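*Asks:* Below is a structure I'd like to ask you about.
The values are calculated or read from the model by the stated rules, or taken from the named source; none is laboratory data. Keep in mind that what you see is a predicted model, and the values were worked out from it rather than measured. No Cβ is skipped: glycine too gets one built from the backbone with ideal geometry, and neighbour counts run over all protein chains shown. Side chains are part of the model used for accessible areas, which takes the heavy atoms of the whole protein and leaves out ligands, DNA and RNA. Shrake-Rupley method; radii C 1.70, N 1.55, O 1.52, S 1.80 Å.
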Amino acid sequence: MATFVRPAHPWPTEALWQALQAEWPGITVEVAAELDSTNETLLTRARAGDRSACLLVAEHQRQGRGRQGRRWISAPGDSLTFSVGVPYAPRQWAGLSLAVGVAVAEALAPEVQIKWPNDLWCAGRGPAGEGRKLGGILIETVGTAPSTRQAVVGIGLNVRSPDGGPAGWPDPRNRPAGLEELLPGIDAAEVLRRVAPAVVRALHEFEREGFAAFRARFEARDLLRGRTVRTTEPEAPEGVALGVDDEGALLVHTAAGVRTVTVGEVSVRPC
Ligand code: BTN
C-alpha cells in the first residue's frame, strides 16, 4: 500500500508532463516525498487493473528494490529514484534494459557507460580504471497477455556518491560514483528532466523496432567490451567480453570458446 506524503522540494512536474506528452500521450507525472518503492507502487496499481502510463518519482524510498532481491538504498536529495509504468507489448523483451541504459547514458554525459545488463557506470573512475557504479535499472512486469501486460521500468541514479552511512564503505574502493562528479552542480530534478523524456522515447522505439535500434548505440557505451570478466553463468565463469548479440545477450570469449550469457551477474576483474 502506497502512502504518499507531499514532496519537500520543487520538481519541474508541469514542464516534464508537457515534454512527456510528445513521447507518450496521456502519461501522468507524480512525485511523492516518501513511499516504499516506486516500482512496487506501480506494480500494485497494475495488478489492480490500472494500465495507464505513469512516471512516478520518490524523493525517498523506504524499501527500494534492486536486482536479484537486493535492496536499493538511497538518501533523499543525494539520488534520483523513479519508475515509468506503461502498457507494453514489444515483440521481444530481450535487450530492453540495455535500450533503457542507452537512453539514460546518452541523456547524461559521454563518460556514462552501461555495464551489462542493468548498471550505469562512470567510466574510468575505479581504483583500477574499471569505473564505478552510478546507478541501476530494474524492469518488472505484470500480466502475460500482450493486451494486458504492463512494464515497470525503475531507475535509481546517484547524484552524490553515497557515503555508506556512519560505518562508511567496508572497502572504499567499492564506493559508488555520483553524477555531480561528471556534471558539477546538477541536482535530482535536473537529472530527471534530462533522463525521463529519453527513457519514455526509448520505450516507444524499443516497442517498434526492438534492440536493433539500440545495438550500435549500446556498443558506444559498453563498459565491458574487451575486459576480462567473471560471470555467474557456469558455462562462462571467466573470459573476455566481446559485446552483445542481436538480442542483447553478452558474448564472452572463454577458454572453451565463445559463450552467450543471458542472465545473472558479471563482475569486472581488476586489470
Ligand atoms: C540495481 O542496480 O540493482 C537496480 C536498482 C534499481 C533501483 C530503482 S530506484 C527506483 C525503482 N524503485 C525501486 O524500488 N527500485 C528501482
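*Asks:* When you go through (1) open to solvent by 40 Å² or more (accessible area, probe 1.4 Å); (2) modelled with pLDDT of 95 or more; (3) within 29 Å of L43 (Cβ to Cβ); (4) of a type in the set (G, A, S) one by one for A151, which number turns out not to apply?
*Replies:* (1) is the only condition that A151 fails.
*Asks:* Are any of the residues in the stretch 157-177 open to solvent by 50 Å² or more (accessible area, probe 1.4 Å), under 17 Å from the mean Cα position of the chain (by Cα) and either modelled with pLDDT of 95 or more or of a type in the set (K, R) (or both)?
*Replies:* Scanning the stretch 157-177, I find at least one residue that is open to solvent by 50 Å² or more (accessible area, probe 1.4 Å), under 17 Å from the mean Cα position of the chain (by Cα) and either modelled with pLDDT of 95 or more or of a type in the set (K, R) (or both), so the answer is yes.
*Asks:* Only one of L56, L16 is among the aliphatic types (A, V, I, L, M), within 21 Å of the chain's Cα centre (by Cα) and not in a strand (DSSP E or B). Can you tell me which?
*Replies:* Details: L56 fails: not in a strand (DSSP E or B).
None of the other options fit; the residue is L16.
*Asks:* Yes or no: Q92 farther than 17 Å from G178 by Cα, within 14 Å of the ligand (Cβ to nearest atom) and over 13 Å from the mean Cα position of the chain (by Cα)?
*Replies:* Answer is no for this residue.
*Asks:* I'm told L134 meets every condition in (1) more than 25 Å from A249 (Cβ to Cβ); (2) at pLDDT 95 or above; (3) not small (G, A, S) except one. Can you identify the failing condition by its number?
*Replies:* With (1) more than 25 Å from A249 (Cβ to Cβ); (2) at pLDDT 95 or above; (3) not small (G, A, S) applied to L134, the lone miss is (1).
*Asks:* Would you confirm whether any residue within the stretch 113-130 is polar (S, T, N, Q), part of a loop (DSSP other than H, G, I, E, B), modelled with pLDDT of 95 or more and within 16 Å of the ligand (Cβ to nearest atom)?
*Replies:* Checked the stretch 113-130: at least one residue is polar (S, T, N, Q), part of a loop (DSSP other than H, G, I, E, B), modelled with pLDDT of 95 or more and within 16 Å of the ligand (Cβ to nearest atom).
*Asks:* Any residue in the stretch 132-145 that is open to solvent by 10 Å² or more (accessible area, probe 1.4 Å), over 18 Å from L223 (Cα atoms), more than 16 Å from the ligand (Cβ to nearest atom) and not hydroxyl-bearing (S, T, Y)?
*Replies:* Among the residues of the stretch 132-145, at least one is open to solvent by 10 Å² or more (accessible area, probe 1.4 Å), over 18 Å from L223 (Cα atoms), more than 16 Å from the ligand (Cβ to nearest atom) and not hydroxyl-bearing (S, T, Y), which makes the answer yes.
*Asks:* Give the residues of the stretch 53-97 that are farther than 30 Å from D163 by Cβ and open to solvent by less than 60 Å² (accessible area, probe 1.4 Å), sorted by residue number.
*Replies:* A53, C54, G85, V86, P87, Y88, A89, P90, A94, G95, L96
*Asks:* Here's another thing I want to ask about it. For the stretch 35-53, which residues satisfy the criterion of being without any contact (Cβ under 8 Å) to a residue 40 or more places away in the chain and within 13 Å of the ligand (Cβ to nearest atom)?
*Replies:* The answer is L35, D36, E40.
*Asks:* Residues in the stretch 97-104: is at least one within 25 Å of T148 (Cα to Cα), part of a loop (DSSP other than H, G, I, E, B) and either touching a residue at least 40 places away in the same chain (Cβ under 8 Å) or within 11 Å of the ligand (Cβ to nearest atom) (or both)?
*Replies:* Looking for residues that are within 25 Å of T148 (Cα to Cα), part of a loop (DSSP other than H, G, I, E, B) and either touching a residue at least 40 places away in the same chain (Cβ under 8 Å) or within 11 Å of the ligand (Cβ to nearest atom) (or both), one finds none in the stretch 97-104, hence no.
*Asks:* I'd like the residue in the stretch 17-33 that is within 16 Å of the ligand (Cβ to nearest atom) and either of a type outside the set (D, E, K, R) or at pLDDT below 95 (or both) and, out of all such residues, is farthest from Q150 (Cα to Cα).
*Replies:* A33
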